[in-house]
Amino acid sequence: MSKRPFDIDEALRRIEAAVADVPKAALFQLYDEGFRSPFEQLAACMISIRTRDETTVVCARALFALARTPAAMAALDVVDIDTAIAGSTFHQPKAAQIRAIAEELVARHGGELPCDFDTLTAFRGVGPKCANLVLGIACGQPAVGVDIHVHRVTNRWGYVEANSPERTMAALEARLPRRYWVDINRLLVPFGKHVCTGTRPRCSACPVLDMCRQAGVTDHR
């Protein structure tokens with residue numbers, strides 16, 4: 001079957017409708033619940049690493065019930081942070097990293113997390129994905145947050161061709177219209193979890209099948 005040229009405007013419009021009734025990506029869900037500061041979004045993103053969204057949301061809520069600012073977080077014992085996020089993967093090192101960042105923000109940045117990519121990625125445990133999600137969601141800056149879902153889906157479409165999330169991020173920054181730089185993560189995380197899954201994607205239910213190159217797909221539903 002021949003495919004029509006990939007139209008990113010039309011694709012994201014269709015996907016917006018397709019994911020309207022499924023749970024949101026964790027950081028966007030937490031933002032909607034009022035956890036909107038750069039520090040809260042960074043802590044939530046760190047919790048989310050190798051952790052399911054539904055678990056991330058529960059752990060983040062528990063943590064923010066204890067502290068929501070760098071000063072309040074730095075005043076906690078790391079054991080309290082660890083207990084709050086114990087449901088997440090690698091919770092002990094995450095707890096230590098979150099507290100260390102809070103302490104550094106208090107000591108060097110007046111207790112506020114700067115909306116700056118280099119500052120964010122200088123913290124231990126913070127990579128480009130979390131930095132860009134914080135910038136895009138909490139800081140209102142155009143930034144492409146590429147997780148495994150965004151990486152997989154955009155390459156499967158044939159919209160980009162890259163062999164790592166970092167290279168996908170660069171490819172999307174070069175091609176994707178800036179108006180979609182934040183929304184690409186908001187939309188493709190639930191889409192990747194519920195439709196364009198890692199194994200046996202639900203191609204029969206895909207709203208963009210007529211445009212998708214199905215790159216690397218060997219079996220589907």
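Take the conditions (1) over 16 Å from Ile15 (Cβ atoms); (2) more than 15 Å from the chain's Cα centre (by Cα); (3) surrounded by 19 or more Cβ atoms within 10 Å (Cβ to Cβ); Met169 misses just one of them, which is (2).
Applying the criterion of being among the charged types (D, E, K, R) and in contact with a Lys or Arg (Cβ under 8 Å, 6 or more places away or on another chain) to the residues of the stretch 30-81, the residue that is nearest to Gly127 (Cα to Cα) is Glu40. The selection criterion, being over 21 Å from His149 (Cα atoms), buried (at least 17 other Cβ atoms within 10 Å of the Cβ), outside the structural domain of His194 (by TED's automatic domain parsing) and of a type in the set (A, V, I, L, M), does not hold for Ile47. Within the option set Arg152, Arg156, being part of a helix (DSSP H, G or I), among the basic types (Lys, Arg) and farther than 29 Å from Glu40 by Cβ holds for one residue only, Arg156. Just to be sure before I move on: is Arg124 touching an Asp or Glu at 6+ places or on another chain (Cβ under 8 Å), surrounded by fewer than 19 Cβ atoms within 10 Å (Cβ to Cβ), basic (Lys, Arg) and not assigned by TED's automatic domain parsing to the domain that holds Asn163 in the structure I sent? Against the criterion (touching an Asp or Glu at 6+ places or on another chain (Cβ under 8 Å), surrounded by fewer than 19 Cβ atoms within 10 Å (Cβ to Cβ), basic (Lys, Arg) and not assigned by TED's automatic domain parsing to the domain that holds Asn163), Arg124 does not qualify. Select from the stretch 177-221 the residues that are small (Gly, Ala, Ser) and surrounded by fewer than 22 Cβ atoms within 10 Å (Cβ to Cβ) and list them in ascending order. Correct list: Gly198, Ser204, Ala205, Ala215, Gly216.
The values are calculated or read from the model by the stated rules, or taken from the named source; none is laboratory data. Quantities reported herein were computed from a predicted structural model and do not represent experimental measurements. Virtual Cβ from ideal backbone geometry, glycine too; neighbours counted across all protein chains shown.
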